[in-house]
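The block underneath contains the structure these notes are about, expressed in structure tokens.
None of the figures in this text is laboratory data; all of them are computed from the coordinates on show. Computed from a predicted structure; not experimentally measured. Every residue, glycine as well, gets a Cβ built from its backbone with ideal geometry; the counts of neighbours run over all protein chains shown.
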Amino acid sequence: MKHLLKLEDLTESEILEILDLADKLKKENKKGIKHRILEGKTLGMIFSKASTRTRVSFETGIYQLGGIGLFLNGNELQLGRGEPIKDTARVLSRYLDGIMIRTFKQSDVEDLAKYGSIPIINGLTDYCHPCQVLADLQTVREYKGGFKGLKLCYVGDGNNMANSLIAGCVRLGIRVAIACPDKYRPDKALTERAAKSGLLSIGSDIGEMIKDADVVYTDVWASMGMEAEKAEREKVFKGYQVNEKYLKYAKKDVVVLHCLPAHRGEEITDAVMEAHAAEIFDEAENRLHAQKAVMVKLMKG
């Protein structure tokens, strides 16, 4: 494991190793045990998209590991003035020990890894969000004790979250049901590969998809960069909401997750959000621990 570009690149054992380390680091953190494993290391954090959880969790995480995090606004780098990403990759590799990038194009992340000589971590692209799903999987295991035999239902847009959930869950043997409008399905090539496992189903009927789910997941209807589509998406996704009506189809001990930020009253009701706040905010906290595990795996040397 040289980089974290997308979850499809990782084996089941590699994902489990990250999750096991994340659990260990979380327990140490709760006990006040310091783990300055990356003493003297520097992580460059490139942000072309705004962030709350990604920036705070990575910056806090590298600090707790003994390193330094440098916030790099994508618009203020030479990247924003037309420097080829392959040149930026070569230069930053001379200064840093690792790069986390949160951007639009997956190809930018792939090119950083191709032309650079240091670990690259995908903090989010329009295609996938591997760091979030590692935290999600850590949370699922905390609440369910394992992965095999579980069913996760995702309700909403077939976006980067849906793509990464499919990749991560299928790799660990979790059945995935995607409830989304037909014209807003997850990436076609990815779903065709995942379908061969027999663990993926996609449909527009929420009740059918959510039936007997152990975990129910949702995300906003319009992600960053889709502001111009917001009005249209509100019409299309009306009804694609995690609410008490649909949760009756799931198992009684269902875990509800949301990657946040949540638009209460749209993709999830306020009542469901509050009833499952424990899981959702444990999930948000686990971004810190899962990402620390990724940094240790990639940057320890």
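Working from Cα pairs under 8 Å separated by at least six residues, relative contact order for region 94-217 is 22 percent. For LYS252 and VAL91, the difference between the fully extended length at 0.36 nm per residue and the C-alpha to C-alpha distance is 52.6 nm.
Scanning residues 5 or more positions from MET100 or on other chains, those with amide H under 5 Å from its amide H are GLY44, MET45, ILE46, ILE121, with H placed 1.01 Å from N in the peptide plane.
For region 243-271 and region 155-207, what is the separation of their Cα centres, given in Å? Measuring centre to centre over Cα atoms gives 18 Å. Computed 3J(HN,Hα) for region 176-187, one whole-Hz value per residue from the Karplus formula 6.51 cos²θ - 1.76 cosθ + 1.60 where θ = phi - 60°, is 10, 10, 9, 9, 8, x, 4, 7, 10, 7, x, 3, glycine and proline marked x. Maximal additional length on extending the ALA271-PHE104 stretch stands at 56.9 nm, based on 0.36 nm per residue less the C-alpha distance.
Taking amide hydrogens as placed 1.01 Å from N in the peptide plane, the amide H of SER51 sits under 5 Å from that of no residue at least 5 positions away in sequence or on another chain.
Listed values for region 93-104 are Karplus-derived 3J(HN,Hα) couplings in whole Hz (6.51 cos²θ - 1.76 cosθ + 1.60, θ = phi - 60°), namely 5, 7, 9, 10, 9, x, 10, 10, 10, 10, 8, 8, and x replaces Gly and Pro. Seen from GLY156, the other residues with C-beta closer than 9 Å to its C-beta sum to a net charge of -3, counting Lys and Arg as +1 and Asp and Glu as -1. Applying the Karplus relation 6.51 cos²θ - 1.76 cosθ + 1.60 with θ = phi - 60° to region 137-142 yields 3J(HN,Hα) values of 5, 4, 5, 4, 5, 4 Hz, where x marks Gly and Pro.
Residue ranges 156-167, 254-265, 214-225 sort as 156-167, 214-225, 254-265 when ordered by packing (mean number of other C-beta atoms within 10 Å per residue, highest first). Using the Cβ-Cβ distance between ALA228 and ASP20 with R0 set to 51 Å, the FRET efficiency from 1/(1 + (r/R0)^6) comes to roughly 0.75.
Per-residue Cβ neighbour counts within 10 Å put ARG90, ARG53 in the sequence ARG90, ARG53, beginning with the fewest. Only Cα pairs under 8 Å and 6+ residues apart enter the sum, and on that basis the relative contact order of the chain stands at 21 percent.
Panel order for THR125, THR88, THR60, by other beta carbons found within 10 Å of each beta carbon, from fewest to most: THR60, THR88, THR125. Annotation: amide H-H contacts under 5 Å for HIS129 (H modelled 1.01 Å from N, sequence separation of 5 or more, or interchain): SER164. Working note: 222 nm ellipticity from helices only, DSSP H runs with n ≥ 4, each -39,500 (n - 2.57), summed and divided by the residues of the chain, gives -13500 deg cm²/dmol to the nearest 500.
Exposed loop sites, defined as GluC sites (Glu not before Pro) outside DSSP H, G, I, E and B with at most 12 other Cβ atoms within 10 Å, are absent from the longest region of the chain, namely 77-301. For region 195-235, trypsin sites (Lys or Arg not before Pro) are listed when DSSP marks them as loop and at most 10 other Cβ atoms sit within 10 Å of their Cβ; the list is LYS196. Counted by neighbouring Cβ atoms within 10 Å, the residues LYS24, LYS297, LYS248 run from fewest to most as LYS248, LYS24, LYS297. Charge tally for ASP87 (other residues, Cβ to Cβ under 14 Å; Lys, Arg +1; Asp, Glu -1): +2.
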